[in-house]
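**Q** This is the structure I have questions about; it appears just below.
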Amino acid sequence: MNYAVILMAGKGERFGGPLPKQFLNIGNKPLYLYTVETFAFHQDIDAILIVCEEMYKNRIQKDIVKFKIPKITTFITGGTTRQSSAFNALIYLNAVGKENDIVLIHDGDRPLVTSEIISNNIAAMQITDAAITAIPSANSLGISYDNQTISSFPPRQQYYVIQTPQTFKLGLIYKAHVQANQHINKMYYTDDGSIVLAYGKEVNIVRGSTHNFKITTYDDFTLLKTLLRFKNQ
């Protein structure tokens, strides 16, 4: 089985506004549906888990019926962090799935993920148990220890911008999350690839796209509207 886990329990505090950004309308539908539809209509995705706050489940269910979205089988209540939200989904999958099932974990507010990126993530599971979508950094990077001056310029060629989906064999990503939660000096991770790396396993790269960006600020939302307008012309 190939499972897609769509994380959308975030409150979007950096974006601002009374409603989490994933529920804002763009065109004739909420932002998150652009994300969900790409997974739902991909031939190799068998089931989709939506991770969200309890208060938004009815809203999402109505959207699913209205827009006739297939394959959404389960709603998972989100945690207080991204890490805990993903782990909640993995606890469920570990109970119903098999160790070699494939799990694609994706941000609900990355609406321009493509079918090709999804396919390449699934294909990567033929040669590895862990792969993350990423693109080489196009910008020069600087390190500052005091937030006032640049201390060093690391070589740009070694740096990648991390995206989602991040894709794993179920057994590996579940065990990595369990270790992360049990560690005596508990750390909070911002993505699943770093949890697997901390577990001691190799993480491969699947090439992403500059368009596969996360909607974090209102500028991102404006850019998304522009890109969708050109796409639909």
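**Q** Among Tyr145, Tyr34, Tyr3, rank each residue by its count of other Cβ atoms within 10 Å, from fewest to most, as a rough exposure measure.
**A** Starting with the residue having the fewest Cβ neighbours, the order is Tyr145, Tyr34, Tyr3.
**Q** About its Cα centre, what dipole magnitude does the stretch 2-225 give when the only charges are +1 on Lys and Arg Cβ and -1 on Asp and Glu Cβ, stated in debye to the nearest 20?
**A** In debye, rounded to 20, the stretch 2-225 gives about 380.
**Q** Take the chain, mark every one of the GluC sites (Glu not before Pro) that falls in a DSSP loop and has at most 10 other Cβ within 10 Å, then report the longest stretch left between them, sites excluded.
**A** 14-201
**Q** Follow-up question, since we're still on this one. Which listed residue (Thr81, Val96, Thr226) has the Cα farthest towards the positive end of the charge dipole for the chain, taking +1 on Lys and Arg C-beta and -1 on Asp and Glu C-beta about the Cα centre?
**A** Thr226
**Q** Just to be sure I understand: of the beta bridges DSSP finds with both ends in the stretch 99-233, what percent are antiparallel, rounded to 5?
**A** 75
**Q** Mind running the shape call on the stretch 1-91? Use the C-alpha gyration tensor, a ≥ b ≥ c as the square roots of the eigenvalues: rounded below 1.5 for a/c, prolate if a/b tops b/c, oblate otherwise.
**A** It comes out oblate by the Cα gyration axes.
**Q** Could you tell me which residue out of Val5, Pro155, Leu19 lies farthest along the dipole of the chain toward its positive end? Charges go on the beta carbon: Lys and Arg +1, Asp and Glu -1, centred on the Cα centre.
**A** Result: Leu19, furthest along the dipole toward the positive end.
**Q** Shape of the stretch 75-134 from its Cα gyration tensor (a ≥ b ≥ c, root eigenvalues): rounded if a/c is under 1.5, otherwise prolate when a/b > b/c, or oblate?
**A** oblate
**Q** Could you tell me whether the stretch 105-233 comes out rounded, prolate or oblate from its Cα gyration tensor? Rule is a ≥ b ≥ c as square roots of the eigenvalues, rounded for a/c under 1.5, then prolate if a/b exceeds b/c, otherwise oblate.
**A** Oblate, since a/c reaches 1.5 and b/c is not below a/b.
**Q** Just to check I understand the Karplus step: with θ = phi - 60° and J = 6.51 cos²θ - 1.76 cosθ + 1.60, what whole-Hz values come out for the stretch 77-88, glycine and proline as x?
**A** 6, x, x, 7, 10, 4, 4, 5, 5, 5, 5, 4
**Q** A follow-up question, please. Go from 0 up to the bin containing the longest alpha carbon distance in the chain, width 10 Å each, and give me the % of pairs per bin.
**A** Binned Cα distances yield the sequence 7, 31, 37, 20, 5, 0.
Quick note: the coordinates plus some simple rules give every number you see, no bench work behind them. These figures come from a predicted structure and were not determined experimentally. Cβ atoms come from the backbone with ideal geometry, glycine included; neighbour counts cover every protein chain shown.
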